[in-house]
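Colleague: Below are the structure tokens for one structure; questions will follow.
The values are calculated or read from the model by the stated rules, or taken from the named source; none is laboratory data. Bear in mind that the values here come from a model prediction, so they are computed numbers and not experimental data. Here the Cβ positions follow ideal geometry from the backbone for every residue, glycine too, while neighbour counts run over all protein chains shown. Remember, those area values only see protein heavy atoms, side chains included, never the ligands or the DNA or RNA. Shrake-Rupley method; radii C 1.70, N 1.55, O 1.52, S 1.80 Å.
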Amino acid sequence: MFRDVDRLFHAWMAAGTFGISPISLFQAWQDWFLHLAISPGKQREVQIKAIEKTVRLQRLLAACALGPRPCISPLPQDRRFAHPSWQSFPFNAVYQSFLLSQQWWHNATTGLPGVTRKHEQLVEFYSRQMLDMVSPSNLPALNPEVIDKTLNEGGLNLLRGMQNLIDDLVRLVEGTRPPDTERFRPGIEVASTPGDVVFRNELIELIRYRPMTEAVKLEPILIVPAWIMKYYILDLSPENSLIRHLVAEGFTVFCISWRNPGREQADLGLDDYRRLGIMAALDVVERSTGSSRIHGVGYCLGGTLLSIASSAMARDGDTRLASLSLFAALVDFDEPGELGLFIDESQIALLEDVMWVEGTLDQRRMVGAFQMLRSQDLLWSRMVREYLLGERTPPNDLMAWNADATRMPSRMHSEYLRRLYLGNDLAQGRFDVGGHPVSVEDLDVPVFAVGTETDHVAPWRSVFKLTHLLDTDLMFVLTSGGHNAGIVSEPGHARRSYRLLDHRRASHHPDPDRWAADAPRVDGSWWPAWVRWLRDHSGRDVPASRRHCEINNLYPAPGVYVLQE
């Protein structure tokens, strides 16, 4: 009973902190402050830094009479001050002062002996968030772009911005999607590649896509998407659908569509997702095509689960996988990037209490954490654009998919966080499947791994560790873009490029940064390179019309589970 009271209180508290543990944050600031208090040398250093930056700002102000000469430049990814009007006085002095303050806080919060690495990263991260909040670009009286637009339009931009804000607040209270995303309907505008649901259980629907070519490769492809979002990230509009691209290239494609779980599925664990998801799907694919060799493809969390399943299959002598393709998927969670800042014992305990009350973790509860990872782009710049400039960006298919939120069962998510993020059990050979540990080193099939350059969820250097973890041939691709946009990178997509590493078994292990610096950049999409790799690891062509099939179609794709709210 007493524990239940604690859980209820913690769940109530989490509602006001966006699911982030205040204790974890307090411990980080305490660690930094106490070590700073006993470090007179560091105190003197930051004092001198403050004086130096003040002098730099004074020189800038003095030089303004002769023309703007910035004393500090924004980071390459910082586009808040890109508008030309920021270069005129007094706005150049305002934003330069802000950047110098931002740099000073970085100096003050890093490089302090005694502070744990995790706490230093947390303090630096949250100090950056607080500074982003008070950036002059967010304040209408200090943003010259907002001032110009307001004067030119007589304040109509602010009126439109107020209307946008009211509309967003109403939708937030009602729990409805962002405006205009409703026009991207699964099965019509998105997730429209022709196919049929051929299998369904309490956790998945399995979609088999109809052939578009007279002949298909002997080995079918099974795609395992993440269940943190809907599967159709890989089947968006016809022009950028990876699934449609594979079918058009002559492959028989199957894809798992995960159920959006409710309270009644709260006790489903990671192994249930392996058994009822991947293993059940493999059985159906084999019966449906008559092929005993199958290409496995996993994206994000689906790739992690596929790594677990394939390692267990290798341990048990199950040879049905012909190859393994992992897109933006972590196997080694030792360095999960800034997302790992939100994962420690205190944070997981808080989430477990929230999930104990609700039975699941709603993806909307994680929005705050994901937005803070890229607060300049996903939060503050959007607020300036929509609420101050009055410009509503029309949604695209990727934005609509991102708004199609899902839930995760409490047991599964707790196991995922504790065993993988906190314990790193899979990379360390401690992850149990069927009562016995599995090792990714047992994998004996060729692997194609994709990392994306600006991924905040699965940092590419962590994905690159597969070159050290696996004892098999590995083709590694580093593509431009982020966790989602880098994968949805169809041929013809503007400004896309990639680098390729053909890492052979028993060859030396390259340093990721040195390799990235030396590897030639190939313009265009990485999809054709992957298709060529799949063809190289596939057998003969067989007539699509004569493909062996013992499975009856249940109903057309995209099925029912993808439509669950």
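Colleague: Stokes-Einstein diffusion coefficient for segment 211-266 at 37 °C in a medium of 0.692 mPa s, Rh from the Kirkwood formula over Cα pairs: what value in µm²/s? Spell out each step's value before the answer.
Modeller: Values: Rh = 12.6 Å.
Value of D from the Cα-based Kirkwood radius: 260 µm²/s.
Colleague: As an exercise, take the mean of 1/r over every pair of distinct alpha carbons in segment 397-493, invert it, and state the Kirkwood radius in angstroms.
Modeller: Details: mean 1/r = 0.0635 Å⁻¹.
Result for segment 397-493, one decimal place: 15.8 Å.
Colleague: Right, next: In whole percent, how big is the carbon plus sulfur part of the accessible area of the chain, probe 1.4 Å, protein atoms only? Working shown, then result.
Modeller: On the way: 14300 of 25270 Å².
Taking all protein chains in place, the chain shows 57 percent carbon and sulfur surface.
Colleague: Can I ask one more? Out of residues 5 or more away from Phe448 or on other chains, whose amide H comes under 5 Å of its own, with H placed 1.01 Å from N in the peptide plane?
Modeller: Leu324, Ser325, Leu326, Met475
Colleague: Let me ask something else. How much length is gained if the chain between Leu61 and Met133 is pulled fully straight, taking 0.36 nm per residue apart and subtracting their Cα-Cα distance, in nm to one decimal? Could you put the intermediate results ahead of the total?
Modeller: Values: separation 72, 0.36 × 72 = 25.92 nm, distance 2.48 nm.
Difference between extended and current length: 23.4 nm.
Colleague: Report relative contact order for the chain in percent, whole number only (criteria: Cα-Cα under 8 Å, sequence separation at least 6). Spell out each step's value before the answer.
Modeller: Numbers: 991 pairs, mean separation 105.6, N = 565.
About 19 percent, as a whole number.
Colleague: Pull up all non-local amide H partners of Ser497: gap of 5 or more, or a different chain, and H-to-H distance under 5 Å with H placed in the peptide plane.
Modeller: Residues meeting the criterion, in which the H sits 1.01 Å from N, are Ser480, Gly524.
Colleague: Here's a follow-up. Let me know the Rg and Dmax you get for the chain when you use only its Cα atoms, in Å.
Modeller: 25.6, 81
Colleague: Taking θ = phi - 60°, what integer Hz values does the Karplus form 6.51 cos²θ - 1.76 cosθ + 1.60 yield along segment 552-565, in sequence order, with x for Gly and Pro?
Modeller: Ordered by residue, 3J(HN,Hα) equals 7, 6, 8, 6, x, 5, x, x, 9, 4, 5, 8, 5, 8 Hz.
Colleague: Another question, then. How high is the relative contact order of segment 242-392, given as a whole-number percent (alpha carbon pairs under 8 Å, six or more residues apart)? It would help to have the intermediate numbers written out before the result.
Modeller: Working: 102 pairs, mean separation 28.9, N = 151.
Reported as a whole number, the value is 19 percent.
Colleague: While we're on this one: Summing +1 for each Lys or Arg and -1 for each Asp or Glu, what net charge is found among the other residues whose Cβ lies under 13 Å from the Cβ of Ala329?
Modeller: My count for the surroundings of Ala329 gives -1.
Colleague: With θ taken as phi - 60° and the coefficients 6.51, -1.76 and 1.60, list the Karplus ³J(HN,Hα) couplings across segment 39-54 in order, rounded to whole Hz; mark glycine and proline as x.
Modeller: 10, x, x, 5, 4, 5, 4, 6, 5, 5, 4, 5, 5, 4, 6, 5
Colleague: Just to be sure I understand the curve: with the Debye formula and one point per C-alpha of segment 438-553, what is log10 I(q)/I(0) at q = 0.15 Å⁻¹?
Modeller: -0.75
Colleague: With r defined as the distance between the Cβ atoms of Arg514 and Glu441 and R0 fixed at 22 Å, what FRET efficiency is calculated, to the nearest 0.05? Kindly include the intermediate steps, with their values, before the conclusion.
Modeller: Values: r = 24 Å, r/R0 = 1.10.
After rounding to 0.05, the efficiency reads 0.35.
Colleague: Also: Hey, if you drop one equal point scatterer on each alpha-carbon of segment 34-187 and run the Debye formula without solvent, what base-10 log of I(q)/I(0) do you get at q = 0.13, 0.20 Å⁻¹?
Modeller: Reported log10 I(q)/I(0), two decimals: -0.83, -1.23.
Colleague: Now for a separate question. Go through segment 410-504 and name the GluC sites (Glu not before Pro) that are in a DSSP coil and have 16 or fewer other Cβ atoms within 10 Å of their Cβ. The partial results should precede the final answer.
Modeller: Values: sites: Glu415, Glu441, Glu453; in loops: Glu453.
Within segment 410-504, the qualifying GluC sites (Glu not before Pro) (loop, at most 16 other Cβ atoms within 10 Å) are Glu453.
Colleague: Can you work out the FRET efficiency for the pair Ala485 and Ser88, with r the C-beta to C-beta distance and R0 = 30 Å, to the nearest 0.05?
Modeller: Working: r = 34 Å, r/R0 = 1.13.
So, using R0 = 30 Å, E works out to roughly 0.35.
Colleague: Before rounding to the nearest 500, sum -39500 (n - 2.57) across all DSSP H runs of length at least 4 in the chain and divide by the residue total; then give [θ] at 222 nm in deg cm²/dmol.
Modeller: On the way: 18 runs with 211 residues, N = 565.
Calculated from helices alone, the mean residue ellipticity at 222 nm is -11500 deg cm²/dmol.
Colleague: Also, I was wondering about something else. Quick check for you: with a 1.4 Å probe and neighbouring chains kept, what is the accessible area per residue of the chain, in Å²?
Modeller: Working: 25270 Å² over 565 residues.
That works out to 45 Å² per residue.
Colleague: Next up: Under a point-charge model restricted to the Cβ atoms of Lys and Arg (+1) and Asp and Glu (-1), what is the dipole moment magnitude of segment 444-531 relative to its Cα centre, in debye to the nearest 20?
Modeller: The calculated dipole for segment 444-531 is roughly 140 debye.
Colleague: Mind giving me the nanometre distance, one decimal, between the label points for Asp148 and Ala248, set 7 Å out from Cα along Cα→Cβ?
Modeller: That separation, rounded to one decimal, is 4.0 nm.
Colleague: Using modelled backbone amide H atoms (1.01 Å from N, in-plane), which distant-in-sequence or interchain residues come within less than 5 Å of Val190's amide H?
Modeller: Under 5 Å from the amide H of Val190 lie the amide H atoms of Arg185, each far enough along the sequence or on another chain.
Colleague: Once the convex hull of the C-alpha atoms of segment 148-255 is built, how many Å³ does it hold per residue, rounded to a whole number? If you can, show how the numbers build up before the last one.
Modeller: Numbers: hull volume 16.9 nm³, N = 108.
Cα-based convex hull of segment 148-255, divided per residue, equals 157 Å³.
Colleague: Give me Rg/Rg_expected for segment 84-126, where Rg uses Cα atoms only and Rg_expected = 2.2 N^0.38 Å with N residues.
Modeller: On the way: Rg = 14.6 Å, N = 43, 2.2 N^0.38 = 9.2 Å.
This ratio for segment 84-126 stands at 1.59.
Colleague: For the pair Arg183 and Trp12, what calculated FRET efficiency results from E = 1/(1 + (r/R0)^6), where r is the Cβ-Cβ distance and R0 = 35 Å, to the nearest 0.05?
Modeller: Values: r = 37 Å, r/R0 = 1.06.
So, using R0 = 35 Å, E works out to roughly 0.40.
Colleague: Sticking with this one: Kindly write out, for segment 7-23 in residue order, the coupling ³J(HN,Hα) from the Karplus curve 6.51 cos²θ - 1.76 cosθ + 1.60 (θ = phi - 60°), rounded to whole Hz, with x marking Gly and Pro.
Modeller: Each residue's phi maps through the Karplus curve to give 4, 5, 5, 5, 5, 5, 5, 5, 4, x, 10, 6, x, 9, 6, x, 5 Hz.
Colleague: Can you tell me the length gained on complete extension of the stretch Ala50 to Met212, counting 0.36 nm per residue apart and subtracting the Cα distance?
Modeller: Extra length available between Ala50 and Met212 comes to 51.8 nm.
Colleague: Can you give the three extents of the C-alpha atoms in segment 1-75 along their principal axes, from longest to shortest, in whole Å?
Modeller: Result for segment 1-75: principal-axis Cα extents of 72, 32, 16 Å.
Colleague: Show me, bin by bin at 5 Å from 0, the whole-percent P(r) of segment 255-408 based on Cα pairs.
Modeller: 2, 7, 11, 17, 17, 15, 12, 9, 5, 3, 1, 0, 0
Colleague: State whether segment 191-347 is rounded, prolate or oblate according to the following rule on the C-alpha gyration tensor (a ≥ b ≥ c being the square roots of its eigenvalues): a/c under 1.5 gives rounded; otherwise a/b larger than b/c gives prolate, and the remaining case gives oblate. Kindly include the intermediate steps, with their values, before the conclusion.
Modeller: Working: a/c = 1.61, a/b = 1.46, b/c = 1.10.
Judged from the Cα gyration tensor, segment 191-347 comes out prolate (a/c at least 1.5, a/b above b/c).
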